[in-house]
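Here is the structure we will look at, set down as structure tokens.
The values are calculated or read from the model by the stated rules, or taken from the named source; none is laboratory data. Since the structure is predicted, the reported quantities are computational estimates derived from the model, not experimental observations. Reconstructed Cβ throughout: ideal geometry from the backbone, glycine too, with neighbour counts over all protein chains shown.
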Amino acid sequence: MLLVLTLTCGVAVGNIYFPQAIVPLIASGLHTSAGSASMVVTATQIGYTAGIFLLVPLGDRLPYRPLLVTLLALAGLGLLGAGCAPTLPVLVAAGVLVGVTSVAAQVIAPLAAGLVTADRRGAVMGTLLSGSTGGMLLARTFSGTLGESLGWRAPYLGGGILVLALAAVLARTVPATPAPSRAPYPALLAEPLRLLRAEPRLRRSCVHQASVFAGFSAVWTCLALLLTGPAYGLGSQAVGMLALVGAATMVCTPLAGRLVDRKGPDPVGFVCLLGVLLCAVVLAGGAAGGATGLTALTLGTLLLDIAMQSGMLANQARAFAVRPDARGRLNTAYMTCAYLGGSAGSWLGVHVYGRAGWWGVCALLALLAGVPLSRHLGVRRTARTGAGMRMPREGAC
């Protein structure tokens, strides 16, 4: 069952990321600018954020199997519609539909977390995240290679067929499970906002992940523009091949999950934030072009993938520990904030790239990582101060 769910996570998440590798091909095929074509990426991420907010809470209200099958079927139809889009506005609209319905991974996460004991939850979540990571990386490679050979429509059409096939498999393999809540849908929608107001640990996880994911999305959205621009002059296939280097993340996230089980989410999250800052420095070398620049981009994107995904796992574990009976709604709040950050990062990255080039994008990544890092250090300082104030005075015993 874990294998089936992990594969589903990979396919669903891949729908969100593969357009990043074919933005130049879309621009050429629809006779528009690369900046305008990048709206497809932003629209898909905005749709994904809306789907998390509107549909993931249904995992606490509806049985998981029919919900997952329905979401995948609608996503497959959206991908086929995008592959047949005659104009950019139609493609953007189809991208929103694909994003809204590609939330299967976020429905699976609460399901899996409720099926295992607390001491194994990190490892299981890490395995699911490795599937999501694999889908994200392979989707970029798949779309870049297929798009270079057959045009930008081919990745959408191929992805649509794959998602519909997976929906048919899940309809026969996922066991029936009862819904954990009978709360009405409006109450489920309001609950994530209430949890955000009431739970400091949830807010902390959301701020951390939204900031880092914004920088991550800015880098990967602009990477296609850099590699296909005058500094490198490569094709969209190069973006996909560079993404494939990040396959090491699939190995690292289960290890990060075990570290979270043993050490807790805070130490793992702190190391990941430091890793993102290091990535900004390494990626800046990509502005040089040539073999040296390509080496810097390869190493930097690999480290960024590992740091972002491992940090996402740590933050999600912290969020799920807030209220075990409301993991679907906690995940809704957490992932909505994360993908709002990702959507903003894609939009902001394109504008920064247009004004300041690749150096500006790397500076943006460092700035966005510095926000949660300063907050993390502030929390640690407050905790140490509070512990010191609670120490008994000398001789009190």
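General observations
- Counting only helices (runs of 4 or more DSSP H) that sit wholly inside the range 1-77, those with at least 2 residues that are over 26 Å from Trp347 (Cβ atoms), at pLDDT 80 or above and β-branched (Val, Ile, Thr) are 2-17.
- Pick from the range 29-57, criterion touching a residue at least 12 places away in the same chain (Cβ under 8 Å) and of a type in the set (S, T, N, Q), ranking: farthest from Thr127 (Cα to Cα): Thr32
- Breaking point among (1) of a type in the set (Val, Ile, Thr); (2) under 20 Å from Ser132 (Cα atoms); (3) modelled with pLDDT of 85 or more, for Thr295: (2)
- Of the residues making up the range 210-259, those that are out of contact with any Pro (no Cβ under 8 Å at 6 or more places or on another chain), under 28 Å from Tyr334 (Cβ atoms) and either modelled with pLDDT of 90 or more or small (Gly, Ala, Ser) (or both) number 14.
- Set Leu7, Leu88, Leu2, Leu80: member being surrounded by fewer than 24 Cβ atoms within 10 Å (Cβ to Cβ) and over 27 Å from Arg153 (Cβ atoms): Leu2
- For Ala319, the test of being buried (at least 24 other Cβ atoms within 10 Å of the Cβ), small (Gly, Ala, Ser) and either touching a helix residue (DSSP H, G or I) at 6+ places or on another chain (Cβ under 9 Å) or part of a helix (DSSP H, G or I) (or both) is passed.
- Note on the range 179-193: among residues that are out of contact with any helix residue (DSSP H, G or I) (no Cβ under 9 Å at 6 or more places or on another chain) and of a type outside the set (Gly, Ala, Ser), the one that is nearest to Arg65 (Cα to Cα) is Arg182.
Conditions (1) part of a helix (DSSP H, G or I); (2) within 24 Å of Leu68 (Cα to Cα); (3) modelled with pLDDT under 80, marked per residue:
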| site | (1), (2), (3) |
| --- | --- |
| Ala109 | yes, yes, yes |
| Ala112 | yes, yes, yes |
| Ser130 | yes, yes, yes |
| Thr141 | yes, no, yes |
| Ser149 | yes, no, no |
| Tyr156 | yes, yes, no |
| Val163 | yes, yes, no |
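- Test result for Thr301, among the polar types (S, T, N, Q), closer than 24 Å to Val251 by Cβ, crowded, with 20+ Cβ neighbours inside 10 Å and modelled with pLDDT of 85 or more: yes
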